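A quick write-up on the structure given underneath.
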Amino acid sequence: MNMANNRTSRMTLHILFIAVISTVCLCFAAMQAPAFAAKTPGKVSNVQISSVGDYWFTVSWAPAKNTQTYEVQCKKASAKKWPKSGLITSDYDLDVSVNYADTKYQVRIRGINGKKRGSWSSVKSLRTLLPKPKAIWAKSITNASIEVQWMPIQGIKEFKLTRFDEGGDEIDHVIVKGTSYEYTDLGDAMYYHFELQSKNGSKLSVPVFVDLNTFGDDNVLEQHDYPYAVYYTMKYFTADVSFNAFPVLYDIYTDDDGEVEDEGFFYPGVEVDQFSIEKNRGILSQDYGEMETPVTSDLTLQKGGTVTAPDGSVLHITKLRITAADSNLAKLDYYYELRDKIKEPYLRIDTEEDRPIYITWTCD
């Protein structure tokens, strides 16, 4: 009886072992099935260039059958060979960055499903736009004139500068071969919208713009060059909520090889003859913030005048210089967006007694 039971047990174990092996094989086969069953992706169709810039474009296409991801390849039209690999995406559109403005490019797309590659789509051609100016800003402002300025662009010899009134209607436009232009006889406190475009024959770039006002009195904003920097002077400055009156520059830093390390808008220093701030709008401090007191009444300071320090001493003012604590370069489309990044503009008051005083205020 025991021998029969042993034979039965061995047979049962044998059957269970075979069952386990079979199950494992079936599971392994099931796991491998998708790889062996992957189908070749269909050919990508309906390739469209939906938008074009100076150093970029957007390409879109219709979904292809049996496709998990897509490979997008781009080359200059003059290049004989396509790159060895392209950009991979699972979307049906892609923003592509390129190295050259005003240049003809070609683009093609194919589907990918596992290790299978589909056929390339038909080739779509496009031409990038002229390089867009980096920015436009005020070089000088009076109560009757505005001079605007911009950076040169390699290969661009002309710019189109268009002026609009406060209602958005075009007043005039000029073609400029330099990098600045002055409008005169404008009148007090006049608002204008300026748009600047690169120009080459009939081709125009995407515009950059700035909104500026003439001053309402004999105030003057002027740009000056240090040996290695730029600063402004202004007769009168009021610490307002918007900080609109503060000039903004665009700059590009390059290394010894001419490669761009950083670029963007920033607030340069502004030396003023007179500074005004309303009560409860700022904080007066000395010794780099060690002693502070609120501005409890309307305050106007003048170069050559005096200031009462938080410790009660009366100091003689030699220079009033405004800047912003956060003056790092900011890459923005419109420089008034920089106001949102300025948390604490401040006035430095230099004195004959060599004891600098500071006034800080907050921009809303």
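The values are calculated or read from the model by the stated rules, or taken from the named source; none is laboratory data. Predicted, not measured: the structure shown is a model, and the values here were computed from it. FYI the Cβ positions are ideal-geometry reconstructions off the backbone, even for glycines, and counts take in every protein chain you see. With ligands, DNA and RNA removed, areas are computed over all heavy atoms of the protein, side chains included. Shrake-Rupley method; radii C 1.70, N 1.55, O 1.52, S 1.80 Å.
Can residue 128 be described as open to solvent by 30 Å² or more (accessible area, probe 1.4 Å), farther than 30 Å from residue 38 by Cβ and among the β-branched types (Val, Ile, Thr)?
no
I'd like to know if the range 295-305 contains one or more residues that are touching a His at 6+ places or on another chain (Cβ under 7 Å), part of a strand (DSSP E or B) and free of Cβ contacts under 8 Å to residues at least 60 places away in the same chain.
Looking for residues that are touching a His at 6+ places or on another chain (Cβ under 7 Å), part of a strand (DSSP E or B) and free of Cβ contacts under 8 Å to residues at least 60 places away in the same chain, one finds none in the range 295-305, hence no.
In the range 41-51, is there at least one residue being more than 30 Å from residue 104 (Cβ to Cβ) and at pLDDT 50 or above? Break it down stepwise before answering.
Taking the range 41-51 first, the residues more than 30 Å from residue 104 (Cβ to Cβ) are none.
No: the range 41-51 contains no residue that is more than 30 Å from residue 104 (Cβ to Cβ) and at pLDDT 50 or above.
If you check every pair at least six apart or on different chains, which have Cβ atoms under 8 Å apart with a residue in the range 47-63 that is free of Cβ contacts under 8 Å to residues at least 40 places away in the same chain first and a residue that is aromatic (Phe, Trp, Tyr) second?
Sorted first by the residue in the range 47-63, then by its partner, the pairs are 51/57; 60/92; 62/92; 63/92.
What is the residue count in the range 254-294 for residues that are surrounded by fewer than 16 Cβ atoms within 10 Å (Cβ to Cβ) and outside any strand (DSSP E or B)?
Total satisfying the criteria: 12.
Among the residues of the range 307-349 satisfying the criterion of being in a loop (DSSP other than H, G, I, E, B) and modelled with pLDDT of 90 or more, which is surrounded by the most Cβ atoms within 10 Å (Cβ to Cβ)?
309
So, in the range 67-86, of the ones that are of a type in the set (D, E, K, R) and outside any loop (DSSP other than H, G, I, E, B), which residue ends up most open to solvent (accessible area, probe 1.4 Å)?
Start the filter on the range 67-86 by keeping residues that are of a type in the set (D, E, K, R), which leaves 71, 75-76, 80-81, 84.
Keeping just the survivors that are outside any loop (DSSP other than H, G, I, E, B) gives 71, 75-76.
Values: 71: 11, 75: 19, 76: 74 Å².
Of everything passing the filter in the range 67-86, 76 is most open to solvent (accessible area, probe 1.4 Å).
What do you reckon, is residue 152 closer than 30 Å to residue 222 by Cβ, in a loop (DSSP other than H, G, I, E, B), open to solvent by less than 20 Å² (accessible area, probe 1.4 Å) and of a type outside the set (Ser, Thr, Tyr)?
no
Report every pair of residues separated by at least 6 positions or lying on different chains whose Cβ atoms are under 8 Å apart, first residue within the range 94-108 and within 16 Å of residue 127 (Cβ to Cβ) and of a type in the set (Lys, Arg), second open to solvent by 20 Å² or more (accessible area, probe 1.4 Å) and at pLDDT 95 or above.
Every condition considered, the pairs that remain are 104/76; 104/77; 104/78; 104/125; 104/127.
Among 225, 172, which is in contact with a strand residue (DSSP E or B) (Cβ under 7 Å, 6 or more places away or on another chain) and free of Cβ contacts under 8 Å to residues at least 24 places away in the same chain? Break it down into steps so the answer makes sense when it comes.
On the way: 225 fails: in contact with a strand residue (DSSP E or B) (Cβ under 7 Å, 6 or more places away or on another chain).
One residue alone meets the criteria, 172.
Is there a residue being at pLDDT 90 or above and of a type in the set (Lys, Arg) anywhere in the range 296-306?
So far as the range 296-306 goes, yes, one or more of its residues are at pLDDT 90 or above and of a type in the set (Lys, Arg).
Residue check: is residue 171 under 19 Å from residue 134 (Cα atoms), among the aliphatic types (A, V, I, L, M) and part of a strand (DSSP E or B)? Spell out how you get there, then give the answer.
Working: under 19 Å from residue 134 (Cα atoms): no; among the aliphatic types (A, V, I, L, M): yes; part of a strand (DSSP E or B): yes.
In short, no.
For residues that are surrounded by fewer than 19 Cβ atoms within 10 Å (Cβ to Cβ) and of a type in the set (Gly, Ala, Ser), scanning just the range 214-244, find the one that is modelled with the highest pLDDT.
The selected residue is 216.
Does the range 87-116 hold any residues that are under 31 Å from the mean Cα position of the chain (by Cα) and either open to solvent by 90 Å² or more (accessible area, probe 1.4 Å) or modelled with pLDDT under 95 (or both), and which are they?
Hits for the range 87-116 are 88, 92, 95, 97, 99, 100, 104.
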